[in-house]
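> The structure that follows is given in the form of C-alpha cells.
The values are calculated or read from the model by the stated rules, or taken from the named source; none is laboratory data. Everything numeric in this text was worked out from a predicted model, so none of it was measured. Note that each Cβ is placed from the backbone with ideal geometry, even for glycine, and that neighbours are counted across all protein chains shown.
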Amino acid sequence: MRVIAVNAAPRMEAGMTQVMLNPFLVGLRHEKAEVDVALLARKKIETCRGCFNCFAHTPGVCVHSDDMPGLVERIRSADLMVLATPLYIDGMTSLAKRFIDRLVIFFDPHFTKDDKDLLHLLRWKFPEKLVLLSVCGYPDLRNFDPLLLHMERIARNFHTEFVGAVLRPAAFSVSMARKYPERVRSVMDAGRKAGEELGRTGKMSRETLDAVAAEICSTEELMATVNAYWDRELGTGGDRPA
C-alpha cells in the first residue's frame, strides 16, 4: 500500500497533529506500507481563483505556478491519502482547505450521476481510500462532527472511500504523560494499532478508534490545567480578564 500523509497543521512537526500522526504512520509502516509525508506549511499553494482554466482552456493544468503539481503527482501514485489537520473553529485549517480546493484539477468538468445526485467525473486516478486524522482542544468527540461530514462529502466528490477518522479530543492532555503515563501510552499505542489495522485490513476497528479518543484526565482537570497554562502565558499571575 502506498500512502500519502498530508499534514495541514501550521505548526507542522511541533504540533499535536504530528504527535498523533507519528504512531499512526509507525503502524502503517509496520504493515509494509510505503509512507510519503507532505507538510503543507512548507509548500507554496496559491488560492484557487475559480477561473475554470483547468477545466477547459488548459485541461488538467492550473494557472498558478506553485508546489501543487508535485503534490498532485504524489497523490496520483498513492492508494491511500491521510489528511491530518487540527480542528480550527469546527473545521479544517485554511492550509487544508486551500489544498483541497486546488484538487479540483482532478475533476473532469462533465457531470455524472450516482444513486444520490450529480457529481463530476474524475480526470485522473485518486487514492482509493481517504482517512482523516484530527486533534482538538475540546474534550468531546462531537466537536469533530462538522469536519467529519465535510470529509464524507469530499470522499464522495473524489469517488473514494472514507474509511474513518483517527480523532484525539482534549489534545492538551496528551502532554500530561508525567502524571498519567499509562493513559497517555495507551492512547499512543492505540494510534499505532489503528495504523496497523488499516495497513493490514484496509479498516480501523471502532474499539481502537475509541481507545485513541479515551479520556486521560477529567474535564475539570483539563479546564484547570489549560487555564493555568494560559494564565502563565498572559503573565496575569492567575487573574484572567473577564
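> Given the criteria surrounded by 15 or more Cβ atoms within 10 Å (Cβ to Cβ) and touching a strand residue (DSSP E or B) at 6+ places or on another chain (Cβ under 6 Å), does PHE99 qualify?
For PHE99, the condition - surrounded by 15 or more Cβ atoms within 10 Å (Cβ to Cβ) and touching a strand residue (DSSP E or B) at 6+ places or on another chain (Cβ under 6 Å) - is not met.
> If a residue counts only when it is in contact (Cβ under 8 Å) with a residue 40 or more places away in the chain, within 13 Å of the chain's Cα centre (by Cα) and surrounded by 15 or more Cβ atoms within 10 Å (Cβ to Cβ), which strands (runs of 3 or more DSSP E) contained entirely in segment 116-208 have at least 2 such residues?
Hits in segment 116-208: 129-135, 161-168.
> Going by the structure shown, is ALA228 within 28 Å of ARG76 (Cα to Cα), part of a helix (DSSP H, G or I) and among the small types (Gly, Ala, Ser)?
It is false that ALA228 is within 28 Å of ARG76 (Cα to Cα), part of a helix (DSSP H, G or I) and among the small types (Gly, Ala, Ser).
> ILE216 is checked against (1) closer than 18 Å to PRO23 by Cβ; (2) part of a helix (DSSP H, G or I); (3) in contact (Cβ under 8 Å) with a residue 12 or more places away in the chain and fails just one. What number does that condition carry?
The single condition ILE216 does not satisfy is (2).
> Would it be correct to say that VAL72 is closer than 13 Å to LEU103 by Cα, in a helix (DSSP H, G or I), of a type in the set (A, V, I, L, M) and within 21 Å of the chain's Cα centre (by Cα)?
Answer is yes for this residue.
> Looking at the structure I just gave you, is LYS32 assigned to a loop (DSSP other than H, G, I, E, B), more than 28 Å from ASP145 (Cα to Cα) and in contact with an Asp or Glu (Cβ under 7 Å, 6 or more places away or on another chain)?
No: the conditions fail for LYS32.
> Do any residues in segment 12-33 that are over 19 Å from ALA78 (Cα atoms) have Cβ atoms under 7 Å from those of residues that are hydroxyl-bearing (Ser, Thr, Tyr) and modelled with pLDDT of 95 or more, where the two are at least six apart or on different chains, and which pairs are they?
Once the first residue is over 19 Å from ALA78 (Cα atoms) and sits in segment 12-33, its partners that are hydroxyl-bearing (Ser, Thr, Tyr) and modelled with pLDDT of 95 or more give THR17/THR85.
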